[in-house]
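Encoded as structure tokens, the structure appears first; notes follow it.
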Amino acid sequence: MASYKIRTPQISHETIDGETVIINLDNGNYYSIDGVGADIWNLIDSGANINQISELISENYNIDKDEVHESIEELTNELISEGLIVNSKNNEKFDKAAINLVSLENNKNPEYKKPSLEKYTDMQDLLLLDPIHEVDDESGWPTPKDSESD
Amino acid sequence: MPFPLISVIIPTYNRANFLHEAIESINNQNYSNLEIIIVDDGSTDNTKKIVKNLGSNLKYIYQKNKGPAAARNTGLKVAKGEIIGFLDSDDLWPVNKLNYQLKELLNSDMEIIIGGVKHLMLKDSKNPKFVEHSVTYNRRSLGSALFKISAFKKVGFLDENLILWEDLDWFLRAHEFGIKILWQKKITLLIRVHRENMSRDVNRGNKFLSKVLRNSIKRKRFLKNNGVKNLNLLYELSD
């Protein structure tokens, strides 16, 4: 069963009030995804495989598993082509109890909306980070590495 | 206004050893109409004494430690210049930065100019001399930029709740106000890279980054839902 992982550390992400903000530090693109999409993202982050994700989403949102499965595949394909996730061998054990899902935060039945990824590319200039240098632990100061390039 | 007053704001915290070089790099700019504002963000070393010995053209303000955003805001509040520049106390301005950027900035209708950055690093671990690293790059940075004061009048101060990424937050707001940035390749800031400014807590940093971007996304949605192109227009409409 297909399984994915987030392409860290180049990809930074955080879920705040049910909305996940994802940043690609390689190119300065950033993304927003909420509701079902945020749940799927956080399930990928927890090491769940596609089958486990489909089951949980279908259960939490009370929706047909096949329909959910298709949406999840569409979304994961998009996440892969955007360079946000990569295929994984899924060595991690998935712990259902350890994850906070948007759909479980409220007691009411959450409304199912097809996940959609919003992409922002207008800030690339401003978002790029400084090149990282290696620190020499003995001296506490970094020294130039000639192989570095911008 | 060929030689407008430039206010240079230096926030500093326990950098007594580097401060004099930073100030020297400003005095070497060959530009006389400037004020240097040093905001001491609660240093516990001998920063105050060092500043006293560095000359009378310096304005020294001491405040309780509140973080770099608050220190820069304190500087902005007292700045009298038409043009604003920032320099961190362990960084340096290359010669002619001011004249070069000022000329370009005044010749354009843009309100911000951002130049290139070069890192200064130790030659080797046993030699305390800093050398220029070969890599140059263009990045958002307060120190490599020069601002017309009009930009701050529109966008406001830096967000003091942010300990990290407060500069990005400000630039994003500036962008949303429709303020345009002139990017230039010429090196206008030399950043000293050392352990204290490198050992960033990545996870904590990313949390602030997500927060800053989410706030920007929320503002963009608000503008879109109200059919307004930028924040500036929104303010005009609400008058």
Expected sort for B:Ser150, A:Ser58 with the fewest Cβ neighbours (10 Å cutoff) up front is B:Ser150, A:Ser58
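In deg cm²/dmol and to the nearest 500, what is the mean residue ellipticity at 222 nm of the protein assembly as shown if only DSSP H runs of at least 4 residues count, each as -39500 (n - 2.57), divided by the residue total?
Values: 14 runs with 141 residues, N = 389.
Computed mean residue ellipticity for the protein assembly as shown: -10500 deg cm²/dmol.
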Return B:Leu106, A:Leu56, B:Leu209 ranked ascending by Cβ neighbour count within 10 Å, so the fewest neighbours appear first. B:Leu106, A:Leu56, B:Leu209
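Report the charge-dipole magnitude of the protein assembly as shown in Debye, nearest 20, computed about the Cα centre from +1 at each Lys and Arg Cβ and -1 at each Asp and Glu Cβ. Could the numbers behind the result be given before it?
Details: 49 positive and 57 negative charges, 340 e Å.
Computed about the Cα centre, the dipole is about 1640 debye.
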Distance cut-off 31 Å, Cα to Cα: go down the list A:Lys65/A:Lys89; A:Lys113/B:Lys218; B:Lys64/B:Lys186; A:Lys113/B:Lys154 and report the pairs above it. B:Lys64/B:Lys186; A:Lys113/B:Lys154
Report the Cα centroid-to-centroid distance between segment B:147-184 and segment B:12-49 in angstrom, as an integer. 23
Relative contact order for chain B: what is it in percent, counting Cα pairs under 8 Å that are at least 6 residues apart? 20
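Laboratory data are not the source of any read-out in this text; all were calculated from the coordinates shown. Since the structure is predicted, the reported quantities are computational estimates derived from the model, not experimental observations. Note that we place each Cβ from the backbone using ideal geometry, even for glycine, and neighbour counts take in every protein chain shown.
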